[in-house]
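Here's the structure we're looking at; comments come further down.
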Amino acid sequence: MPVESAFQPKIAAFCCNWCSYAGADLAGSSRLSYPADVKIIRVPCSCRVNPLFILRAFQRGADGVIICGCHPGDCHYTSGNYFARRRAALLFSMLDYLGVESGRTRVEWVSAAEGQKFAATMNDFAKTVASLGKCRRIGDLRCRTSES
Amino acid sequence: MQNVRELMIKKAGEMLSSGEVYGVLAWERGDFACDQTPALFTSPESLSRLAYDEFTAPMLSKYLINEAKKPNEGKKVMVFLKPCDTYNFGHLLSEHKVERDRVYAVGVACSGIFSREKTLLEKCLACKGMEFHHCDEVIGGEGKITWDKLDRFAGVEMIESMTPSERFEFWRGELSRCIRCNACRNVCPVCSCVKCVFDNPGSGVMSKSNADEFEENMFHIIRAFHVAGRCTDCGECSRVCPRNIPLHLLNRKFIKDVNALFGPYQAGASLDDASPLTSYSVNDPEPGYKDKAKGGERVA
Ligand code: SF4
Ligand code: FES
């Protein structure tokens with residue numbers, strides 16, 4: 001029997017419409033399981049993910065945030081994911097610098113044919129985030145509430 | 001410095017009398033001790049008020065955004081730029097916020113700026129160098145760094161070596177002191193968007209007050225990210241902060257990462273380089289991986 005009380009992390013997954021979202025679809029139709037607490041947010045392209053979306057997700061209670069897009073070179077808009085990659089590298093490093101462990105953020109390239117990879121990525125990511133526990137830090141950067 | 005000041009007055013006087021420029025952006029005596037404040041001089045007589053000494057900290061490049069737009073029969077505005085301010089000037093030019101041919105830029109020698117407590121400013125301790133960029137002429141020549149230079153990334157590395165919880169406690173301690181006066185945003189030459197995400201026109205007089213809790217909490221990350229890859233590291237934000245929040249440690253983290261991940265880059269040094277976040281390379285490293293291409297592991 002599954003342990004009901006085990007901590008289930010809330011995960012926001014930004015998936016680009018053309019590859020990763022279709023990859024998630026494939027994972028579903030192939031009956032591969034991934035944690036139900038992964039909330040998929042469909043975006044037109046990985047570079048549509050404004051850094052503020054990520055901060056917002058954390059502030060609203062996400063324990064981890066993952067961006068998924070087409071493989072570099074395969075972006076539907078040619079170069080969107082290259083820009084997204086730079087932005088994410090800087091923002092995630094900054095979040096780490098502010099005390100949000102780097103395990104809580106990830107970028108993964110998942111194509112429409114990679115249902116398997118999608119499920120595996122989400123399972124692995126959820127496991128990492130679960131081991132880090134709840135994330136209240138970003139919402140508490142300026143002493144709104146106390147941490148525990 | 002006295003000598004430099006006289007040369008500045010002489011040059012400014014010539015330019016104003018010949019009608020080549022309609023005004024001169026410089027500094028005058030401020031209201032407090034050791035306080036020189038930016039001022040626009042429009043007549044040769046007024047130049048006796050011009051001040052320049054080792055307490056002249058404010059940068060003038062940001063004022064060009066408005067000054068260089070004023071019609072004034074197409075006349076130029078003259079501006080004095082310290083070495084670090086020439087990077088800001090370059091940045092404003094590269095983003096087309098200032099038209100180069102409306103400005104007569106004069107570099108002025110600097111020998112380090114002191115605080116009211118007579119100590120060298122942090123930004124001067126970590127001085128980027130005394131070269132002038134993008135200037136029409138230079139007064140007083142290139143200065144010399146006569147003090148022990150601080151490694152400008154030492155502070156960032158110190159924080160990086162802490163555990164995530166320590167880092168969080170450190171930043172929460174610092175950022176919680178913020179009173180959202182917006183001085184850091186307003187002084188920043190890079191932070192000069194006509195319409196700013198922090199504008200909140202619906203609130204009447206307090207147009208830059210917090211719109212909501214999200215903004216209240218995230219102000220510093222958003223501010224730092226918006227200048228990422230564009231910040232010239234002039235250090236003005238930390239200098240003007242009334243609560244002494246080390247904002248340069250956020251900016252320098254981005255600068256350090258940009259240098260390490262995408263190659264060395266100094267904002268404002270060249271007018272042709274694309275800024276790191278508006279360009280890319282197909283070989284950029286993957287976020288979070290040390291070196292994925294070479295089978296590196298995730299840094300978690
Ligand atoms: S200058 Fe300092 S107190 Fe004012 S808004 Fe910036 S960080 Fe906050
Ligand atoms: S469309 Fe998929 S990353 Fe751009």
Problem set entry | Ordering of A:47-55, A:105-113, A:34-42 by burial proxy (mean other Cβ atoms within 10 Å per residue, highest first) | A:105-113, A:47-55, A:34-42
Seminar exercise, completed: Among B:SER115, B:ALA183, B:PHE262, the residue whose Cα sits farthest towards the positive end of the charge dipole of the protein assembly as shown, when +1 is placed on the Cβ of each Lys and Arg and -1 on the Cβ of each Asp and Glu, is B:ALA183
Problem set entry | Cα gyration tensor shape for chain B, rounded if a/c is under 1.5, else prolate or oblate | prolate
Seminar exercise, completed: By the C-alpha gyration tensor axes a ≥ b ≥ c (rounded if a/c is under 1.5, else prolate when a/b exceeds b/c, else oblate), the shape of the range B:147-282 is oblate
For this session: On the protein heavy atoms, probe 1.4 angstrom, tell me the percent of accessible surface of the range B:154-298 carried by carbon and sulfur.
Result: 54
Problem set entry | Solvent-accessible surface ranking, highest first, for B:TRP27, B:TRP147 at 1.4 angstrom | B:TRP147, B:TRP27
Problem set entry | Angle in degrees between helix B:83-94 and the longest Cα principal axis of chain B, rounded to the nearest 10 | 80
Exercise. For the range B:2-139, what % of the accessible area comes from carbon and sulfur atoms, probe 1.4 Å?
Worked result: 51
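Return the percentage of antiparallel bridges among DSSP beta bridges fully within chain B, rounded to the nearest 5 %.
Restricted to chain B, the bridges split so that about 45 percent are antiparallel.
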Problem set entry | Averaged over B:280-286, number of beta-carbon atoms from partner chains that fall within 10 Å | 5
Seminar exercise, completed: Sorting A:ALA13, B:LEU16, A:LEU95 by the position of each Cα along the dipole of the protein assembly as shown (Lys, Arg +1; Asp, Glu -1; all at Cβ), the one nearest the positive end of that ordering is A:ALA13
Exercise. If you add up the charges near B:ARG152, with Lys and Arg at +1 and Asp and Glu at -1, over every other residue whose beta carbon is less than 10 angstrom from its beta carbon, what do you get?
Worked result: +2
Exercise. Do the sum for chain B: with -39,500 (n - 2.57) for every DSSP H run of n ≥ 4, divided by all residues, what is the mean residue ellipticity at 222 nm, to the nearest 500 deg cm²/dmol?
Worked result: -9000 deg cm²/dmol
Problem set entry | Heavy-atom accessible surface that A and B bury in contact, both chains counted, 1.4 Å, Å² to 100 | 4300
Exercise. So what are the radius of gyration and Dmax for the Cα set of chain A, in Å?
Worked result: 15.2, 47
Exercise. For A:ASP25, what accessible area in Å² do you get when you roll a 1.4 Å probe over the heavy atoms of the protein chains, rounding to the nearest 10?
Worked result: 100
Exercise. On the accessible surface of the range A:1-70, probed at 1.4 Å, how many percent belong to carbon and sulfur atoms?
Worked result: 55
Exercise. For the range B:2-139, what class follows from the C-alpha gyration tensor (a ≥ b ≥ c being the square roots of its eigenvalues): rounded when a/c is under 1.5, otherwise prolate if a/b is larger than b/c, else oblate?
Worked result: oblate
Exercise. How many nm separate the modelled label positions at A:TYR77 and B:ASP273, each set 7 Å beyond the Cα in the direction of the Cβ?
Worked result: 2.7
Problem set entry | the protein assembly as shown - accessible surface per residue (Å², probe 1.4 Å) | 45
For this session: Could you work out how far helix B:164-175 tilts from the main Cα principal axis of chain B, as a 0 to 90 degree angle to the nearest 10?
Result: 30
For this session: Could you order B:SER94, A:SER20 so the one with the most accessible surface comes first? Probe is 1.4 Å.
Result: B:SER94, A:SER20
Problem set entry | Sum of -39500 (n - 2.57) over DSSP H runs of 4+, divided by residues of chain A (222 nm, nearest 500) | -12000 deg cm²/dmol
For this session: Over 25 Å between C-alpha atoms is what I'm after, so list which of B:LYS118/B:LYS253; A:LYS10/A:LYS117; A:LYS127/B:LYS256; A:LYS134/B:LYS195; A:LYS10/B:LYS253; B:LYS11/B:LYS69 land there.
Result: B:LYS118/B:LYS253; A:LYS127/B:LYS256; A:LYS134/B:LYS195; A:LYS10/B:LYS253
Exercise. With +1 on each Lys and Arg Cβ and -1 on each Asp and Glu Cβ, how big is the dipole of chain B about its Cα centre, in debye rounded to the nearest 20?
Worked result: 240
Exercise. Within the range B:184-200, whose backbone N sits under 19 Å from a point 7 Å along Cα→Cβ of B:GLU99?
Worked result: B:194
For this session: Calculate the dipole size of chain A relative to its Cα centre from +1 charges on Lys and Arg beta carbons and -1 charges on Asp and Glu beta carbons; express the result in debye to the nearest 20.
Result: 460
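To the nearest 20 debye, what is the magnitude of the charge dipole of the protein assembly as shown about its Cα centre, counting +1 on the Cβ of each Lys and Arg and -1 on the Cβ of each Asp and Glu?
In total the dipole reaches around 800 debye.
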Exercise. Can you give the accessible area of A:LYS10, probe radius 1.4 Å, in Å² rounded to 10?
Worked result: 100
Exercise. Short version: which residues of the range B:231-268 lose at least 20 Å² of accessible area, all chains versus chain alone, 1.4 Å probe?
Worked result: B:LEU250, B:LYS253, B:PHE254, B:ASP257, B:LEU261, B:PHE262
For this session: Quick one: angle between helix B:213-226 and the longest Cα principal axis of chain B, in degrees between 0 and 90, rounded to 10, please.
Result: 70
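The values are calculated or read from the model by the stated rules, or taken from the named source; none is laboratory data. All values reported here derive from a predicted model rather than from experimental measurement. Using ideal geometry, Cβ is built from the backbone for each residue, glycine included, and neighbour counts are taken over all protein chains shown. What goes into the accessible areas is simple: the full protein's heavy atoms, side chains included, and nothing from ligands, DNA or RNA. Shrake-Rupley method; radii C 1.70, N 1.55, O 1.52, S 1.80 Å.
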